[in-house]
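Below: the structure, in structure tokens.
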2 protein chains.
Amino acid sequence: MTIGVIGSGSWGTAQVKILTDNGHRVCWGVRNERIREHLFRRRHNPQYLSSVQFDTNLLDVRLLPDEVIRSSDIVVVAVPSAYLEDVFAGVDAAALGTKKVISAVKGMVPGRFQLLNDFLQEKFSFPLSSYVSLMGPCHAEEVASERLSYLTFSGSDLPLAEQIAGLFANSYINTVVNKDVYGGQYAAIMKNIYALGAGIAHGLEYGDNFLSVFIANCAREMGLFLQKATSLNTGLSGEDLYRLYTSSVYLGDLLVTSYSLYSRNRTFGNMIGKGYSVQSAQLEMNMIAEGYPASRAIQKLNEKVLAHLPIATAIYEILWEKKAPEEGFRSIEKELI
Amino acid sequence: MTIGVIGSGSWGTAQVKILTDNGHRVCWGVRNERIREHLFRRRHNPQYLSSVQFDTNLLDVRLLPDEVIRSSDIVVVAVPSAYLEDVFAGVDAAALGTKKVISAVKGMVPGRFQLLNDFLQEKFSFPLSSYVSLMGPCHAEEVASERLSYLTFSGSDLPLAEQIAGLFANSYINTVVNKDVYGGQYAAIMKNIYALGAGIAHGLEYGDNFLSVFIANCAREMGLFLQKATSLNTGLSGEDLYRLYTSSVYLGDLLVTSYSLYSRNRTFGNMIGKGYSVQSAQLEMNMIAEGYPASRAIQKLNEKVLAHLPIATAIYEILWEKKAPEEGFRSIEKELI
């Protein structure tokens, strides 16, 4: 059995490390020839997690996503959401249909406001039952240094999710399995909005007391949104609701992202709070913080879900409708309990 | 109306700042004559939050708690839990009975494993209806610098809790009111255990990924304990459970304490994780971390509540039964989701 991994950023590189550490053959789709050549000559990715040495006997490195899919039984997609359409542009529906797709993408297909599973279903009639999301609070750098992390595998086909989880479990990866394939992916998107918001709060010079109240209330808003957005999938209520949304893939990921001082979302938000425009902050950072498109995607999604999202909405208005950050946070202040 | 504040540590000093900023007369019980003399000569507490200048026209400073109680209509108790018996040793039940007691104490009466309200009820037949707890994620230093903080006032008599909250609300203090007088106080005790545990995890060199999963699971354990421990008081279920326990006094306080790098609990735990004995860590720090007695108190309490507390129990065993921290955390690892 061969496992494909598409993506040579830090997250894709971490997946390949985990899988090859576990002795699996990996067909790795990387961005360019320079990376491929470097991998075989120096045994590491020149751009990300360069301390990780690979057993190149286990690697088959390709440049075209389509080749990775054809060569693999299971395909892990670990690219930024901005590249999803490109990755699947040349892919054949029949070839894809026999594979399992594991999404490690924390975002929606741009312009479509779709999760990867919905995009694949629409474009290739790819079945949800062959799809598993791989999420959780996991800085790739800590995978590189083999510090214990928890990954959550969510699939409508629970035995498949369990089988996939088994490929990743090892001494530094603990796995969790559930059926909440929509909720896990939405949580991964929403927490970027709140982490960006935490950055704005910091830029506005709120302190740690406020930050803790803000993040706790973000957890509430996110959980209640997820319940509404996925109630058909999960049917959860009562204590089980609290149990679910305090687990690693929901609250844990919100915490690791919001409290990380080095995350893009936090840094980007900090600049907004200090008075930079979105455009200047992007220019200055030379990258996009995922919370920025995420805030728009969740507003779109909420046109159907109709959850009460005062925090995410205020952040959206600051980022997309030029509301002054001070004003946005004054409205957030009133909502917090 | 005069408000008494007993306690001249950082938390008591912060209360007096808030109340005098709001124009209230405060009868302040401080530890010794030196502090009293300094307050009137220099207008600040020489030991804590010394940047805070008081309007001494609003202050009546006393050395005996009994005098504070006699001189006040409402008495805020803001001493470390270790001193509670001393504070109330010379107090007259009849005098106390006509007052309202506001507890800002984050701990139980030592040896008795009682919250202050239960202690007062047993010793003075003091009614729960005259008691309000004042809790929430609030580093006193941020009150000193007037950064927005949220305080939660919990009382079985909700109008009283609202009235008390009204005395504190101002431009940098937002107030929340609820009836969960037991849950709010238990949460303030439990979060110290988990913050100490976060310190142990850090000492054992777990990373940020693990820490986020650990704290998320602590939130679950704490919420489900609180529900069991206080079900008679609150009668909550379903979504309301999730709403309640993601608010500032529960999850917020857990977050601010667990993510604070400077808290005693975190520092103490870190030393335990690095291999210090409890005795050496106490000697080295020259103070007690509140999570240490708290871990024993919650075990005692749980003899009646019978909640599933694998995290708090492992921390208790490390601190009180000489379980190796590595071994305690190996058992915790298995419980996390």
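The values are calculated or read from the model by the stated rules, or taken from the named source; none is laboratory data. Please read all numbers here as calculations on a predicted model, not as lab measurements. All Cβ positions, glycine included, derive from the backbone under ideal geometry; neighbour counts span all protein chains shown.
Looking at region B:253-283, which of the residues that are surrounded by 24 or more Cβ atoms within 10 Å (Cβ to Cβ) and within 11 Å of chain A (Cβ to nearest Cβ) is farthest from A:F210 (Cα to Cα)?
Among residues in region B:253-283 that are surrounded by 24 or more Cβ atoms within 10 Å (Cβ to Cβ) and within 11 Å of chain A (Cβ to nearest Cβ), the one farthest from A:F210 (Cα to Cα) is B:S258.
Whether any residue in region A:207-221 is small (G, A, S), within 22 Å of A:V305 (Cβ to Cβ) and out of contact with any Lys or Arg (no Cβ under 8 Å at 6 or more places or on another chain) is what I want to check.
Looking through region A:207-221, at least one residue is small (G, A, S), within 22 Å of A:V305 (Cβ to Cβ) and out of contact with any Lys or Arg (no Cβ under 8 Å at 6 or more places or on another chain).
Out of region A:1-22, which residues are part of a strand (DSSP E or B) and either more than 30 Å from A:T98 (Cα to Cα) or touching a Pro at 6+ places or on another chain (Cβ under 9 Å) (or both)?
Listed by number, the residues that qualify are A:G4, A:I6.
With the condition kept exactly as written, say whether any residue in region B:168-182 is part of a helix (DSSP H, G or I), touching a helix residue (DSSP H, G or I) at 6+ places or on another chain (Cβ under 7 Å), over 26 Å from B:A307 (Cα atoms) and more than 12 Å from chain A (Cβ to nearest Cβ).
Checked region B:168-182: at least one residue is part of a helix (DSSP H, G or I), touching a helix residue (DSSP H, G or I) at 6+ places or on another chain (Cβ under 7 Å), over 26 Å from B:A307 (Cα atoms) and more than 12 Å from chain A (Cβ to nearest Cβ).
Being of a type in the set (D, E, K, R) and either surrounded by 17 or more Cβ atoms within 10 Å (Cβ to Cβ) or within 14 Å of A:V75 (Cα to Cα) (or both) is the filter here; which residues of region A:106-122 pass it?
Residues satisfying the conditions are A:K106, A:D118.
Can you say whether A:D86 is out of contact with any helix residue (DSSP H, G or I) (no Cβ under 7 Å at 6 or more places or on another chain), under 25 Å from A:A289 (Cβ atoms) and either at pLDDT 95 or above or hydroxyl-bearing (S, T, Y) (or both), as far as the supplied structure shows?
no
Restricting attention to region A:168-203, and to residues there that are polar (S, T, N, Q) and over 25 Å from B:R330 (Cβ atoms), which single residue is farthest from the chain's Cα centre (by Cα)?
Residue satisfying both the conditions and the ranking: A:N192.
If A:I311 satisfies every condition in (1) within 27 Å of A:R112 (Cα to Cα); (2) touching a residue at least 60 places away in the same chain (Cβ under 8 Å); (3) surrounded by fewer than 16 Cβ atoms within 10 Å (Cβ to Cβ) but one, which is the exception?
Just one mismatch for A:I311, condition (3).
If you check A:S103 against the conditions, is it farther than 14 Å from A:V75 by Cα, crowded, with 23+ Cβ neighbours inside 10 Å and modelled with pLDDT of 95 or more?
Answer is no for this residue.
One line per residue, one yes/no per condition, for (1) in contact with a strand residue (DSSP E or B) (Cβ under 8 Å, 6 or more places away or on another chain); (2) on the phi < 0 side of the Ramachandran plot; (3) at pLDDT below 95:
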position	(1), (2), (3)
B:V177	yes, yes, no
B:Y186	no, yes, no
B:G197	no, yes, no
B:G207	yes, yes, no
B:I215	no, yes, no
B:G223	no, yes, yes
B:L236	no, yes, yes
B:V256	no, yes, no
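Looking at (1) part of a loop (DSSP other than H, G, I, E, B); (2) away from chain B (no Cβ under 14 Å), which is the one condition that is false for A:A307?
So the condition that A:A307 fails would be (2).
Does A:A297 satisfy being buried (at least 16 other Cβ atoms within 10 Å of the Cβ), in contact with a Cys (Cβ under 9 Å, 6 or more places away or on another chain) and more than 26 Å from B:S260 (Cβ to Cβ)?
no
Filter region A:140-167 down to the residues that are in a strand (DSSP E or B) and more than 10 Å from chain B (Cβ to nearest Cβ), then identify the one that is nearest to B:I332 (Cα to Cα).
Within region A:140-167, the match that is nearest to B:I332 (Cα to Cα) is A:F153.
Would you be able to tell me the number of residues in region A:314-336 that are surrounded by fewer than 20 Cβ atoms within 10 Å (Cβ to Cβ) and either touching a strand residue (DSSP E or B) at 6+ places or on another chain (Cβ under 9 Å) or hydroxyl-bearing (S, T, Y) (or both)?
Looking only at that region, the number is 3.
Quick check on region B:238-252: of everything there that is on the phi < 0 side of the Ramachandran plot and surrounded by fewer than 18 Cβ atoms within 10 Å (Cβ to Cβ), which residue is farthest from the chain's Cα centre (by Cα)?
Restricting to residues being on the phi < 0 side of the Ramachandran plot and surrounded by fewer than 18 Cβ atoms within 10 Å (Cβ to Cβ), the top hit is B:E239.
Let's see how each residue does on (1) in contact with a Pro (Cβ under 9 Å, 6 or more places away or on another chain); (2) of a type in the set (K, R); (3) over 18 Å from B:S247 (Cβ atoms):
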residue: B:L115; (1), (2), (3): no, no, yes
residue: B:Q121; (1), (2), (3): yes, no, yes
residue: B:S130; (1), (2), (3): no, no, yes
residue: B:L134; (1), (2), (3): no, no, no
residue: B:C138; (1), (2), (3): no, no, no
residue: B:V143; (1), (2), (3): no, no, yes
residue: B:T152; (1), (2), (3): no, no, no
residue: B:G155; (1), (2), (3): no, no, no
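Using beta carbons and a limit of 8 Å, which pairs, at least six apart or on different chains, have the first residue in region B:326-337 and in a helix (DSSP H, G or I) and the second one acidic (D, E)?
Taking only residues 6 or more apart or on different chains, the pairs are B:G328/B:E317.
Could you grab me the full set of residues in region B:25-59 that are within 14 Å of B:S71 (Cβ to Cβ) and out of contact with any helix residue (DSSP H, G or I) (no Cβ under 6 Å at 6 or more places or on another chain)?
Hit for region B:25-59 is B:L59, nothing else.
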